Amino acid sequence: MEVLFRHGVHLPEANLWLDPHQACAQAVVSHAHADHMKHHERVLATPATAAMMQLRGATRSQFHHLNFGATHICDPATDDCAQLSLWPAGHVLGSSQVLVEHKGVRLLYSGDFKLRPGLAAEETEVPSADIVVMETTFGKPRYKFPEAQEVFGDIKKWCRSTLDRGSSPVLLCYSLGKGQEVLAGLTDLDFPIYLHEAHWKMANLYRELGVSFPEYRLYEPGISPTQLDGVLLCASGCRRGRWFGELSDVKTAYLSGWALDRGAAWRFKTDVAFPLSDHADYDELMAYVGLSGAQVIYTMHGFEDEFARDLRAQGYHALPLAQAGKKIGNGQKSLF
């Protein structure tokens, strides 16, 4: 099966686009983060991803819902047509890996994923495959994330101590996925949780889809207090808003896997950073390859070159997806 990187993952023999970066007639969308979703004419996705895309503005797309594990025949009128199925990726609610089967070859596209169980997303299931196309955002050995409960404990202690000093604690995190994971982890607090409007709308959708959260309130600029009596969750871009500048004595925390890097708080221009990620760390990336059973691995995003090199040292045929279709090593094209 030929695998190409053309503004996204393209499988020309199967006539499939996976998370393309440009709008097209039909695409499989793994999840509703902005760098993966575009306004395609027809979208194949899980019901949760479709609902999130619509909430985030993809109102003109036609959605074909695929439940996890269900088989979709791509073109029933064509002999030897490809078929695909979606599998939980654990990144955000409804996020999926894509398994494509064509002419006896099984290709698994990971999308963004993690293997660690989350509080607001399905647990990951890794199907067997011959070829894997995987994200390697944290593809260096130094990226090993601490236990989430340990991080949540540190976050809650920081919020409490910030309030005790008379300051307003603000947690900066994505409005889709990270925000809901954080909200689900802020249990047993003795102070309220406020959500910016984008977080509040997404949390409401998550609740409709069956996820449980502690009690939360909508933060309404001009109505809610500028001296917070609790913690506020919002995206980092909110700092540019006029209303944000009116908050009293703000202390900010950024929540990201990149918090493991030295000087992360300085880089994010926050008071502190906590290492909470919805991506796989290095050990999980290695485990994912083993679980899939694949011997041919294409890497993409983050440390794709470094992780492919580590895989080659272990005997895998591995290279960055951007090199797919180009001549490598022994002069053979990377077509499988």
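Laboratory data are not the source of any read-out in this text; all were calculated from the coordinates shown. What you are looking at is a predicted structure, and each value in this text was computed from that prediction instead of being measured. Using ideal geometry, Cβ is built from the backbone for each residue, glycine included, and neighbour counts are taken over all protein chains shown.
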| task | Starting at the first residue of region 282-288, write each ³J(HN,Hα) from the Karplus equation 6.51 cos²θ - 1.76 cosθ + 1.60 with θ = phi - 60°, in whole Hz, x for Gly and Pro. | result | 4, 4, 5, 4, 5, 5, 4
| Of PHE191, PHE63, PHE274, the one that fluctuates the most in a GNM where the chain has Cα springs shorter than 10 Å | PHE191
| Between GLU208 and ASP249, 0.36 nm times their residue separation minus their Cα-Cα distance comes to what? | 11.3 nm
| task | Pairs to check: LYS144/LYS251; LYS201/LYS269; LYS140/LYS251; LYS114/LYS178. Give those whose C-alpha atoms are more than 23 Å from each other in this structure. | result | LYS144/LYS251; LYS201/LYS269; LYS140/LYS251
| message | Multiplying the sequence separation of GLN314 and GLN83 by 0.36 nm and subtracting their Cα-Cα distance, what value in nm do you get? | response | 80.1 nm
| query | Which value results when the Cα radius of gyration for the chain is divided by 2.2 N^0.38 Å? | reply | 1.05
| request: Any chance you could run the full-extension gain for GLN323 through GLU197? It's 0.36 nm times the residue separation minus the Cα-Cα distance, nm to one decimal. | output: 41.2 nm
| field | For VAL9, residues with placed amide H under 5 Å, excluding near neighbours | value | LEU18
| task | Over the alpha-carbon set of region 148-274, divide Rg by the Kirkwood Rh and report the Rg/Rh ratio to two decimals. | result | 0.93
| request: Find which of PHE152, GLY222, VAL132 sits farthest along the positive direction of the dipole of the chain, computed with +1 on the beta-carbon of Lys and Arg, -1 on that of Asp and Glu, about the Cα centre. | output: GLY222
| task | Calculate the spin-label point distance for GLN26 paired with LEU218, positioning each point 7 Å from the Cα along the beta-carbon direction, and give it in nanometres. | result | 3.9
| field | Computed label-point distance, nm, for sites ARG262 and ASP154 using a 7 Å Cα→Cβ extension | value | 1.7
| note | The set of cysteines in the chain having no other cysteine's C-beta under 4.7 Å reads CYS24, CYS74, CYS81, CYS159, CYS173
| said: Give me, ordered by chain and number, the residues 5 or more places off GLY94 or on other chains with an amide H under 5 Å from its own placed amide H. | reply: GLU122
| message | Taking a virtual spin label 7 Å from the Cα of ARG6 along the C-beta vector, which residues in region 39-53 bring their backbone nitrogen under 18 Å of it? | response | 40-42
